[in-house]
Amino acid sequence: MPLIITPLYAALAAIILLVLTFRVIMLRRRLAIGLGTGGDAELEKAVRCHGNFTEYAPIGLILMASAELSGAAAGSVHTIGMLLIAGRLLHAWGLSRSRGTSVGRLTGVLATVAALITGIVVNLTQFCGH
């Protein structure tokens, strides 16, 4: 069974990752900081936005792909993907605007956790059904 839905969300995640990556690269070049953050608050936020994305997006995509490959309903697979992409976008937006608590960070975390929980439930349901 080929993956039909997951590649869309993987591509969207890759676009977000590239944007976050280029943001870090541009700041590093402008600030002449090759490693670490040099104590620069803006670079620190950009690095954490990038890092946080890379910490959560892969497992979300793995859960999504395994759900799809195991024959989960298309709606369930799309739900995982939409929550994951929305969550990671909102979190990156919120964190890039504020180091503290923000609506973007909170809703981003909640959407990401919802994506992971949905992925877990769908995968376990598929496993138990076979």
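Quick notes on this structure:
- Of the residues making up the stretch 79-94, at least one is farther than 23 Å from residue 19 by Cα and either of a type outside the set (Phe, Trp, Tyr) or touching a residue at least 12 places away in the same chain (Cβ under 8 Å) (or both).
- Residues (under 13 Å from residue 48 (Cβ atoms) and either in contact (Cβ under 8 Å) with a residue 24 or more places away in the chain or crowded, with 20+ Cβ neighbours inside 10 Å (or both)) located in the stretch 100-130: 105, 108
- Highlighted here would be helices (runs of 4 or more DSSP H) found entirely within the stretch 1-102 that include at least 2 residues which are modelled with pLDDT of 95 or more, polar (S, T, N, Q) and in contact with a strand residue (DSSP E or B) (Cβ under 8 Å, 6 or more places away or on another chain), but there are none.
- Subset tally (residues that are under 16 Å from residue 90 (Cα atoms), surrounded by 14 or more Cβ atoms within 10 Å (Cβ to Cβ) and of a type in the set (Gly, Ala, Ser)) for the stretch 15-69: 3
- Within the stretch 70-99, tally of residues that are among the basic types (Lys, Arg) and crowded, with 16+ Cβ neighbours inside 10 Å: 1
The values are calculated or read from the model by the stated rules, or taken from the named source; none is laboratory data. If you're wondering where the values come from, they're calculated on a predicted model, not measured in any experiment. Here the Cβ is made from the backbone with ideal geometry for all residues, glycine too, and neighbour counts use every protein chain on show.
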